[in-house]
Amino acid sequence: MLGLRGEEWLWVNDPAQARWIVIDASRQVDEQCVGLVNDPHQHRYGIALAKSWLQVPGAHWAFFKLPLTPRGFFPWINQTLGLPANSHVDKELPSEEVASAPSVAPWEGQMLRLKRWPNLTAYAGASSLQLVQICRRLLVEAVAFNELKNLPNDAGLLQRLLADAWAQDNLIIAAPVVQQPEVRTAAVPRREPSLFQRFLSRFR
């Protein structure tokens, strides 16, 4: 799959020499790999391929559900490398679909929610308080992307957060809430009983 991209990738046999460690989490995972990724001082990316989140060896790993596709995996790589979110994503599309492929991220201009807390430790050096506030809102309610974009934060970091959530099936594009028009009925003026009606009511 990485061969579909234009970068040069250097593969190493020793995990200690790797910046990215990719594992098949459905198999037995080497403890050295787990230790290298879980150590925050190592600054390594751990990529766990699995059919379920329960198979991932720890919170420091980026989880990608199998079967893996460029559309699900490449946005994460692009954001990690500082590239536009949709770079190389069209590699998996038939040629007739490439022309109509959108040039913007799928969350642009949408109402967004998160399914679960993301792994915020992957964003070292960022304003953690600001990310926590954004994630808390996205977990509680649907928030317009344009509103998030206007918050005082790093636009690139926000795109990376959303791209990671999208690649990990953690981002929901929610339908906007349509406000129903308020229905008001005309007030009916109250009529005072006539003198004759008041007289009859005394004998009921």
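Can you list, largest first and rounded to whole Å, the semi-axes you get for the range 15-81 by taking the square root of 5 times each eigenvalue of its Cα gyration tensor?
Values: eigenvalues 68, 49, 17 Å².
Here the semi-axes work out to 18, 16, 9 Å.
Counting only protein heavy atoms and a 1.4 Å probe, the range 15-81 has 55 square angstrom of accessible area per residue. Heavy-atom accessible surface of residue 71, to the nearest 10 Å², is about 110 Å², with a 1.4 Å probe and all protein chains retained.
The values are calculated or read from the model by the stated rules, or taken from the named source; none is laboratory data. Computed from a predicted model, the values in this text were never measured in an experiment. Surface accessibility is based on the protein's heavy atoms, side chains included, excluding ligands, DNA and RNA. Shrake-Rupley method; radii C 1.70, N 1.55, O 1.52, S 1.80 Å.
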